[in-house]
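Right, one structure below, let's go through it.
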Amino acid sequence: MPLFMDRHNVDGVTPKALAEAHARDLAVQDNHGTKYLKYWHDQSRGCAFCLVDAPNREAAIQVHREAHGLLAEQIMEVDPNTVRAFLGDFEQGPAVMESARPNGAPVDSAFRAILFTDLAGSTAMTGDLGDEHALGLLRKHNAIVREKLNTHAGWEVKHTGDGFLASFASVASAVDCAIAIQRALDVSNRQNGETPLQVRIGLSAGEPVAEDNDLFGATVQLAARLCAHAEPEQIMAPSVVRELCLGKKLPFKHRGERELKGFITPVDVYEVEWSQGADA
C-alpha cells in the first residue's frame, strides 16, 4: 500500500491527549484498511505528524474522522525508502518518535528541514590567493549565507569553517533559502568575478536529534551526503523535500536514485534548479 504522512495543527494539545488520539486511530484503522505506524509531536510549534500505510488519502483521513475528529491540514504520499533512511525500520518499535537523555530529560527531536552548505575549492583558494585575500572572500561568503538564513527564518546550527549547517521549521523556507543563497552568490560573482564563490548545498527533512546546541542523526547525515554529492552551484534534495513542497511551485528536477555512503538503500534525488526565474 502507499505510505502517507500527514500534518496536524495541535496547538495546546498535550502529549497525553495525542497518545489517546493515536490509540483511537489504532482501534478503528482496520475498518478502513489502514495501519498507523508512527506519530511525533512538536509541542513547541503546536504541530504533530502521522505516518500511515493506507490504500489512499481518503482512507487515512476517514480514520481520524471516525476516531476523534482531529483532521490533518495536509497529507501527502511519501517514498518508503526515503522515510526508512530517516527513521530506520518504521514498521517496528514504539509508535511515538521520541528520545531521552541519560538523566531522563527529553531530547528535542522535532521535525525540521536541514540545509548543509560547502564552499567549493576553499582549501585551494588559500594556496592560490594567500591567507588575507582568501579570508576576505570567506567573510563575504559567510555574510551572504547568514543574511539569507536570517531573511528565511533559518537557524544557524554551526559554521564548519567553509560552510554551514542550518535548520528550518518550514521545508519550503529551506528550499527558498538555498535558492536565495545561490542567486545572491551568482550576483556577487558577476559583479566581482575575479575569484567566483561557488557553493554546494544539500537539503533534507526529518527528525534530527538536538543536543548541546547541535543536531545529529540520519537527517543531518543525508543533507551532508547530498551536499558532498552536489557539483559547485548545485542544490540537491531527497524526494521527501520535494513531497513536502507540493503546491509551492518550486523548481525540482528528478536526478534519479543515488548510492550515498552510510545509507543502505539508494536515495531518490532531486536538483533544485535555482536559476529559473533569476535575473539575467
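Quick note: the coordinates plus some simple rules give every number you see, no bench work behind them. Computed from a predicted model, the values in this text were never measured in an experiment. Quick reminder, even Gly has a Cβ in these numbers, built from the backbone with ideal geometry, and neighbours come from all protein chains shown.
Residues MET1, MET76, arranged from fewest to most other Cβ atoms within 10 angstrom of their Cβ, appear as MET1, MET76. For region 3-78, the Cα gyration tensor yields ellipsoid semi-axes of 19, 13, 10 Å (square root of five times each eigenvalue, largest first, whole Å).
Inter-label distance, ASP11 to GLU257: 4.2 nm, where each label sits 7 Å from its Cα along the C-beta direction.
Checking the cross-link pairs LYS16/LYS148; LYS148/LYS249; LYS38/LYS248; LYS148/LYS253; LYS38/LYS261; LYS35/LYS148 against a 29 Å limit on the alpha carbon distance flags LYS16/LYS148; LYS35/LYS148 as lying beyond it.
With neighbours defined as other Cβ atoms within 10 Å of a residue's Cβ, the residues TRP40, TRP155 order from fewest to most as TRP155, TRP40. Taken along its three principal axes, the alpha carbon spread of region 112-272 comes to 42, 35, 31 Å, from the longest extent down to the shortest.
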